[in-house]
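Novice: If you scroll down you'll find the structure; I have some questions about it.
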2 protein chains.
Amino acid sequence: MTQNIYDNEEFFAGYSKLPRSERGLLGAPEWPSLRAMLPEIAGLRVLDLGCGFGWFCRRAQEQSALSVTGIDVSEKMLARAKAESDPAIQYHRADMDSLTLVRGSYDLIYSSLAFHYLKNLGALMGEISGALVPGGRLVFSVEHPMVTAPRYPGWQKDADGTRLWPVNHYLEDGARETNWLVHGVVKQHRSMTTYVNMLIANRLQLLHIEEWGPTDAQAAAMPSLLDERQRPNFLLVSAGRAQ
Amino acid sequence: MTQNIYDNEEFFAGYSKLPRSERGLLGAPEWPSLRAMLPEIAGLRVLDLGCGFGWFCRRAQEQSALSVTGIDVSEKMLARAKAESDPAIQYHRADMDSLTLVRGSYDLIYSSLAFHYLKNLGALMGEISGALVPGGRLVFSVEHPMVTAPRYPGWQKDADGTRLWPVNHYLEDGARETNWLVHGVVKQHRSMTTYVNMLIANRLQLLHIEEWGPTDAQAAAMPSLLDERQRPNFLLVSAGRAQ
C-alpha cells in the first residue's frame, strides 16, 4: 500500500494551511491551465482520483455533472470533504494502488497531484482506460519528472546568479524520500518516457501536455512563481480514450 | 536561415572524426532504440531530413525502400554522401527552415539530431504532416530539452559525488549559443511541451517516446554512457500521421 502521509497529524496540519487547501482551486496557480484542458462538465459522469478536500468534486457538481465520485486514501481529507459537500457527491476511501473501477462508467477522470505517490500506476492506468467510455477524457497533474528525479532536490545558482535545478538519477524510476512539510515523504519518480508510453500502452491518446509556468499576470502578483520558468514544478496532461 | 555550422571548416573536421561519422549508425549508441521505432522499410518512400553523410539513406536503400531522398543544408556533408552512395538515392541541398514538401509523397520521414538547429520547426512540422500519407510515420531524435535549456550547460556534482545536470531557463524556448567542437554553435531550445503539442497540432499522433539511456551491455562497454542515466542526452520520438 502507498504511504498515506496525508493522515500523518503533522503533515495534515501543514497541508491544511497551504493556499490550495484554504482557498481551493483558486489557490492553485496551475488550476487555470488544468481548467482549460477539461471538457464541458455538464452531463458527464466524473471521477476524481485523489480528491482530497473535495474542491474539484464540488466544482464538477456546480457545473451540473451527471454524477460525481471522489476517491482518496486519507481518512482526514475525506472527513472534511464529506462535511463540506452536498450528499449527492459520493466519496470513497480506497488505496489507488489496488483500485478496481467498473468498465465504461465514466466520461471524465481527473486527478491532481496524486499519481506521483502511487507505486503501481501502470495498473491504475489500465483501470482508468477501462473505466472511461470511448472518447472519454483523462486530465491529470503530477510533479514534474525533473522535480522528482534528483537525490538532493533544491535550488542552486548558476554563474549569473540565476537559479538552477540539479537533475540526476532521471532514468531511474522508483521511490524518492523527500522532506516536504515533514521528513520522509515518499514519492515515486517516473520519467516523461514512462508517463507518455504508459498512456499510449493503455489506449489513452495524448491531446495536450503542459509543463506549467506562470502567466505574466501571475508572476507580477507572486514573483516567487518565476522559478517555475527555470524548471516547471508540474506536468499537466490531457488524454482521450481511443475508440 | 539556420546557422550552417556543418560547413564551417573546423567544425566539419571535428564532426567528421566522431564515432557516428566514422562508423555510421553503429557508432551512434542511440541507434538501436531508433531502429526499434522504425516500421519495416521495404517498399516505403523514405525521406531523411538532415541526412548528413547519408548513413541512414544507404541503409534504407539496402532495406529495399521504394525510393530514398536525403536533404541537408551542408554542402560538405552532401558531397561526401553523394560520393559514397548509389546514384539512385536522391540528395538535395535545402534550408529546412523554409522547406516545402510535396503532399502525400512519403511513407516514412526520418530525422536524426537535426531539428534542434531549426528556428522554424513549427512550419516544417506542418510540411512533414502534409507530406506523409495517412498512417505514415515520423521518427526523429533531438537533443533532450534538459540539455538545450540551461545557459551554462555542463556536469556538476551533488553531495554524494554523483554527477548532476543544472537546468534553468527551461520554459524559455529560443536560441542557445554553446561550444561544441567550435565556439558559437547555435541551437534552438524547445521544452517537451513544445515538441509534443507541435506534433499533436499537426495531426501527428505520438506512438512512442524514449529519453535515451544505455543498456547494461552498452554501459559495460563504455562506462561514460552511464551519465545519460543521470540526465538523458537524446529524446527519440515516433509519431503516426492521423487518417
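Novice: Quickly run through region A:159-191 and pick out the residues that are part of a loop (DSSP other than H, G, I, E, B), more than 22 Å from the chain's Cα centre (by Cα) and surrounded by fewer than 19 Cβ atoms within 10 Å (Cβ to Cβ).
Specialist: Of everything in region A:159-191, those that are part of a loop (DSSP other than H, G, I, E, B), more than 22 Å from the chain's Cα centre (by Cα) and surrounded by fewer than 19 Cβ atoms within 10 Å (Cβ to Cβ) turn out to be A:Ala159, A:Asp160, A:Gly161, A:Thr162.
Novice: Mind telling me which of the residues B:Gln230, B:Gln243, B:Gln205 ends up being open to solvent by 60 Å² or more (accessible area, probe 1.4 Å), more than 18 Å from the chain's Cα centre (by Cα) and within 11 Å of chain A (Cβ to nearest Cβ)?
Specialist: B:Gln205
Novice: Right, something else. Looking at B:Leu108 and the list (1) in contact with a strand residue (DSSP E or B) (Cβ under 7 Å, 6 or more places away or on another chain); (2) within 22 Å of B:Asn4 (Cβ to Cβ), which single condition is not satisfied?
Specialist: (2)
Novice: Would you tally the residues in region B:92-119 being of a type in the set (A, V, I, L, M, F, W, C), open to solvent by 70 Å² or more (accessible area, probe 1.4 Å) and within 20 Å of B:Phe234 (Cα to Cα)?
Specialist: The number of residues fulfilling the criteria is 0.
Novice: Looking at (1) within 22 Å of A:Pro153 (Cβ to Cβ); (2) within 7 Å of another protein chain (Cβ to nearest Cβ), which is the only condition B:Glu210 fails?
Specialist: Condition (1) is where B:Glu210 drops out.
Novice: Oh, and also: Given the criterion modelled with pLDDT under 95 and within 17 Å of the chain's Cα centre (by Cα), identify the matching residue among A:Arg35, A:Arg20, A:Arg58.
Specialist: A:Arg20
Novice: Same structure, new question: Are any residues in region A:208-227 open to solvent by less than 70 Å² (accessible area, probe 1.4 Å), of a type outside the set (S, T, N, Q) and under 22 Å from A:Gly27 (Cβ atoms), and if so, which ones?
Specialist: The answer is A:Glu210, A:Glu211, A:Trp212, A:Gly213, A:Pro214, A:Ala219, A:Leu225, A:Asp227.
Condition check ((1) charged (D, E, K, R); (2) touching a Gly at 6+ places or on another chain (Cβ under 9 Å); (3) surrounded by fewer than 19 Cβ atoms within 10 Å (Cβ to Cβ)) across all residues:
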{"site": "A:Leu25", "(1), (2), (3)": "no, no, yes"}
{"site": "A:Pro32", "(1), (2), (3)": "no, no, yes"}
{"site": "A:Leu38", "(1), (2), (3)": "no, no, yes"}
{"site": "A:Leu49", "(1), (2), (3)": "no, yes, no"}
{"site": "A:Asp72", "(1), (2), (3)": "yes, yes, no"}
{"site": "A:Asp86", "(1), (2), (3)": "yes, no, yes"}
{"site": "A:Gln90", "(1), (2), (3)": "no, yes, yes"}
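Novice: May I pose another question? Search region B:107-143 for residues being part of a helix (DSSP H, G or I) and aromatic (Phe, Trp, Tyr), and hand back the single one that is farthest from B:Leu66 (Cα to Cα). If you could, list the steps in order and put the result at the bottom.
Specialist: Taking region B:107-143 first, the residues part of a helix (DSSP H, G or I) are B:115-117, B:121-131.
From what is left, the residues that are aromatic (Phe, Trp, Tyr) are B:115, B:117.
Values: B:Phe115: 25, B:Tyr117: 29 Å.
Filtering region B:107-143 for residues that are part of a helix (DSSP H, G or I) and aromatic (Phe, Trp, Tyr), the one farthest from B:Leu66 (Cα to Cα) comes out as B:Tyr117.
Novice: Still on this structure: Of all residues in region A:74-84 being in contact with a Phe, Trp or Tyr (Cβ under 6 Å, 6 or more places away or on another chain) and of a type outside the set (D, E, K, R), which is surrounded by the most Cβ atoms within 10 Å (Cβ to Cβ)?
Specialist: From region A:74-84, those in contact with a Phe, Trp or Tyr (Cβ under 6 Å, 6 or more places away or on another chain) are A:74, A:76-78, A:80-82; that's our starting set.
Going one step further and asking which of them are of a type outside the set (D, E, K, R), we end up with A:74, A:77-78, A:81.
Working: A:Ser74: 22, A:Met77: 24, A:Leu78: 22, A:Ala81: 22.
Among them, the one singled out is A:Met77.
Novice: Of (1) at pLDDT 95 or above; (2) in contact with a helix residue (DSSP H, G or I) (Cβ under 8 Å, 6 or more places away or on another chain); (3) on the phi < 0 side of the Ramachandran plot, A:Arg137 satisfies all except one. Which?
Specialist: That leaves (2) as the condition not met.
Novice: Let me ask something else about it. Could you please find all residues in region A:144-158 being in a loop (DSSP other than H, G, I, E, B), more than 7 Å from chain B (Cβ to nearest Cβ) and charged (D, E, K, R)?
Specialist: Passing the criteria: none in range.
Novice: Going by the conditions given, is B:Val237 facing another protein chain (nearest Cβ under 9 Å) and crowded, with 20+ Cβ neighbours inside 10 Å?
Specialist: It is false that B:Val237 is facing another protein chain (nearest Cβ under 9 Å) and crowded, with 20+ Cβ neighbours inside 10 Å.
Novice: Now for a separate question. Against the condition in contact (Cβ under 8 Å) with a residue 60 or more places away in the chain, facing chain A (nearest Cβ under 9 Å) and within 16 Å of the chain's Cα centre (by Cα), how does B:Leu199 come out, does it pass?
Specialist: Here the answer is yes, as B:Leu199 does meet what is asked.
Novice: State the number of residues belonging to region B:130-156 that are in contact (Cβ under 8 Å) with a residue 60 or more places away in the chain, open to solvent by 10 Å² or more (accessible area, probe 1.4 Å) and out of contact with any His (no Cβ under 8 Å at 6 or more places or on another chain).
Specialist: So the answer is 6.
The values are calculated or read from the model by the stated rules, or taken from the named source; none is laboratory data. Fair warning: this is a prediction, and the values are worked out from it, not measured in the lab. Note: ideal-geometry Cβ built from the backbone for every residue, glycine included; neighbour counts use all protein chains shown. We work out accessible area using only protein heavy atoms, side chains counted, and drop any ligands, DNA or RNA first. Shrake-Rupley method; radii C 1.70, N 1.55, O 1.52, S 1.80 Å.
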